[in-house]
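Enquirer: Dropping a structure here in structure tokens format, bear with me for questions.
The values are calculated or read from the model by the stated rules, or taken from the named source; none is laboratory data. Predicted model only: the values in this text are computed from it and were never measured. Neighbour counts run over all protein chains shown; Cβ positions are idealised from the backbone, glycine included. To get the accessible areas, we keep the full protein, side chains included, count just its heavy atoms, and leave off ligands, DNA and RNA. Shrake-Rupley method; radii C 1.70, N 1.55, O 1.52, S 1.80 Å.
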Protein chains: 2
Amino acid sequence: MIDTLISHIHKFVKLTPAEKEILQSYFTHKALKKKDFLLKENQTCTANYFIVKGCLRMFYITNEGAEQIIQFGIDNWWLTDYMSFDNQLPSQFHIQAVENTEVIILERRIQEELFEKLPKMERYFRIVVQKAYAASVMRLRYIFTQSGEERFRHFNESFPDFVQRVPQYMLASYLGFSAEFLSKIRAKKK
Amino acid sequence: MIDTLISHIHKFVKLTPAEKEILQSYFTHKALKKKDFLLKENQTCTANYFIVKGCLRMFYITNEGAEQIIQFGIDNWWLTDYMSFDNQLPSQFHIQAVENTEVIILERRIQEELFEKLPKMERYFRIVVQKAYAASVMRLRYIFTQSGEERFRHFNESFPDFVQRVPQYMLASYLGFSAEFLSKIRAKKK
């Protein structure tokens, strides 16, 4: 389980066997059933989650009562609500398993100690967060520029397996349109 | 000039006098006139910019020929196109001075050497990028949820000075609507 995380870390920083040993003691593991929650709105987010296998979604409920998905997390991604995590304020989001999902957990209360013992992990997270940030800026660009249909085609070409994996209504929510609109685009494609 | 940056760094990590000395040699400084560019579309982004005083905008030209602003950067913010910076690919954005602006520059080619000499700087950037990422996720939420008018009111309440400082058409672009729409909202307010 932890091996998946260590392989991911190794893409960015090299760890000695002794460092790997230290690392392991800072992480716990959780198996989530589909629909289990890791965070609910108004709770304060206390951990960062690495997805070993599965899929998480971060979403909120709009004033109209609809679920709006802000982010998905799949294998080899970290997901948390950094706004709540950093400032220890109530979260404005839910984080929920879309399918049965295995996560590795880094608790906020021991994160600082980990960084002190292994400064390389500070580097690892700097790189990982920078990539997530760059992706988020590109996502903004797509939302501003592309029509719903272009957004779906682009997403479908970039992540064909993922599109098959998640329920249509979630995909529609993530892309910012209705499930009915998505059905129409998909029908047209055939 | 560098003192402004060092004060900002000190909010997150403490530097010894010797470390401050090392730090200084890694940064250069540039005074930009209003409308000067730091990056143009299709150029590869080679540096990260800390705004000492002034205002930058990151934007692109839509297929319809309009300027779409993705981000503003003001005093005490870092701004770069991380997608281009990290992957050394041509940028899809312009970065331009909105007013006369003083920036401190960290060149990508010496960034790694800086992090090796001062691992604390890795921590500093981890924290700074994490904050920018959290803000970007919240921005997505506002764009999905709020009407144009709500977005303007919220932005106006959060950053009243900034709203006075930038041209109306740029503010409208950043908030995702037309300059005409912004004029209408502002007229209504009075």
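Enquirer: Is it the case that B:TYR60 is farther than 27 Å from A:GLU116 by Cα, under 18 Å from the mean Cα position of the chain (by Cα), touching a residue at least 12 places away in the same chain (Cβ under 8 Å) and more than 14 Å from every other protein chain (Cβ to nearest Cβ)?
Expert: Criteria not met by B:TYR60.
Enquirer: Give B:PHE50, B:PHE93, B:PHE85 a once-over and let me know the one that is within 13 Å of chain A (Cβ to nearest Cβ), among the aromatic types (Phe, Trp, Tyr) and either buried (at least 21 other Cβ atoms within 10 Å of the Cβ) or more than 23 Å from B:ASP36 (Cα to Cα) (or both).
Expert: Result: B:PHE93 is the single residue among B:PHE50, B:PHE93, B:PHE85 that is within 13 Å of chain A (Cβ to nearest Cβ), among the aromatic types (Phe, Trp, Tyr) and either buried (at least 21 other Cβ atoms within 10 Å of the Cβ) or more than 23 Å from B:ASP36 (Cα to Cα) (or both).
Enquirer: Scan (1) modelled with pLDDT of 95 or more; (2) within 12 Å of chain B (Cβ to nearest Cβ) for the single condition A:GLU150 breaks and write down its number.
Expert: Failed condition: (1).
Enquirer: Could you check, for the range B:164-179, whether at least one of its residues is out of contact with any Gly (no Cβ under 6 Å at 6 or more places or on another chain), within 30 Å of A:GLY73 (Cβ to Cβ) and open to solvent by 50 Å² or more (accessible area, probe 1.4 Å)?
Expert: no
Enquirer: So, one more: Among (1) closer than 21 Å to B:LYS30 by Cβ; (2) of a type in the set (A, V, I, L, M, F, W, C); (3) in contact with an Asp or Glu (Cβ under 7 Å, 6 or more places away or on another chain), there is one condition B:ALA134 misses while meeting the rest; what is its number?
Expert: Failed condition: (1).
Enquirer: Are any of the residues in the range B:65-73 within 13 Å of chain A (Cβ to nearest Cβ), within 13 Å of the chain's Cα centre (by Cα) and either closer than 30 Å to B:PRO17 by Cα or of a type in the set (Asp, Glu) (or both)?
Expert: Yes - at least one qualifying residue is present in the range B:65-73.
Enquirer: For the range A:19-37, what are the residues that are exposed (fewer than 13 other Cβ atoms within 10 Å of the Cβ) and either out of contact with any strand residue (DSSP E or B) (no Cβ under 6 Å at 6 or more places or on another chain) or on the phi > 0 side of the Ramachandran plot (or both)?
Expert: The answer is A:GLU21, A:GLN24, A:SER25, A:LYS33, A:LYS35.
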